[in-house]
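Only the coordinates and a few stated rules stand behind these numbers; no lab work does. What you are looking at is a predicted structure, and each value in this text was computed from that prediction instead of being measured. Glycine gets a Cβ as well: all are built from the backbone with ideal geometry, and neighbour counts include every protein chain shown.
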Amino acid sequence: MTNFDNLNLDNHEKRQEIKELDRLGKDYRREQQYRKAEKFYEQAVELANSLNDLSLMIKERFWLASMQWRQGKHNAALNNFSWLIEVAYNPELNSKLTETDLLYLGRSFSWFVELGRMGFPEMEIAKLEEVIERGLEWLTNIGKKEWSAGFRLLRGRLWQMQGHYQEALEEMEAALAMVRRNSKASHVNLGTHLFQLGNLLREMEKLEESKKYYQEIINGDKFDQWVKCFAWQGLAYIGLTKKDFVEAKRCAEKCLELAKIMESFDPISFTYELLGNIYYQQDKIDRAINARIQFWRYSRQYGRKDLIYRAYRDLAELRIHQGKQGNPQRYIPKAQQWLQQALPLAIKLDRQVGLTTKQDEIEKMQGECSAILGEN
């Protein structure tokens, strides 16, 4: 395993060391072992900085940020993506960059917006749309408008968050068409376009249309485990919607298997949420509680406010259900505690998109708790 104690190497040795570190990082990245990959990219960035080689700094910092993002290290990833965007905004530096360098910078715009969409940093949707517009303007300035699919996918997802489903669908379908026409059209891969479009269609209750995009990923040999994990999750939700609990659980367990191999909090937390929903709809309350507690634990580790909000809400839902079955004095106060934790997060998340949907949901559940206690 490559290792070094200091940077006292000549320039040729440093370049050889970076090459080896990058190779090792790539090997672990392909195996979805992101924690191990991060360590090698950290060392590569340090050496690239000592050489003051801009192309190497861009490449190694991009992959370092990507590995940090995959592990839920949002602040560290955000700092690196922000650095890369600043390079893109510098016209003097842009003129010295290769096409590969520009691809990494374009992808950095996309990941910055994706982090912002998840609340890292806390930015209103309108501000994130401004970042996308600046990114699209940058692509025009460097003569790469054909790379705009990734930006359009993200814009569609922002509109989806705001409930503008038809506009989101048209934008995401246009982005997917660009990717299919040109493999370099996007700053995220084909698989990401497929499962995100599948997710939107599923949210629009167009289940059969949604399913075909998930199946394309599952049946394809060119998609990585990260994308396949979310495709299995989408199929599980379709099974759940159709009350096919056997199929839903099978797909969810496949997703969890892949997520644990990758050691990634994002798909692990989502899958425990999914399992909790499956068990709850089957009235397997003990199993639902265990799954939702796991969801809550992973969400806290991951640090995403939208996931933590949902974990609080879902645990409260279970306690309300138990309170309705009997002994409300035991269960309803527990539900009220979870809802008290959920409310400020709901307000903050609603503020991001200019709605009150989540706040209304929590307040409705709080009213339900009061009514249950008042009846007994």
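Things to note:
- Matching residues in region 116-127 - criterion: being under 18 Å from Trp159 (Cβ atoms) and out of contact with any Lys or Arg (no Cβ under 9 Å at 6 or more places or on another chain): Ala126, Lys127
- Residue among Ala175, Ala248 that alone is buried (at least 23 other Cβ atoms within 10 Å of the Cβ) and farther than 21 Å from Leu153 by Cβ: Ala248
- Residues that are over 19 Å from the mean Cα position of the chain (by Cα) and acidic (Asp, Glu), drawn from region 243-259: Asp244, Glu247, Glu253
- Check on Glu205, assigned to a helix (DSSP H, G or I) and of a type outside the set (S, T, N, Q): no
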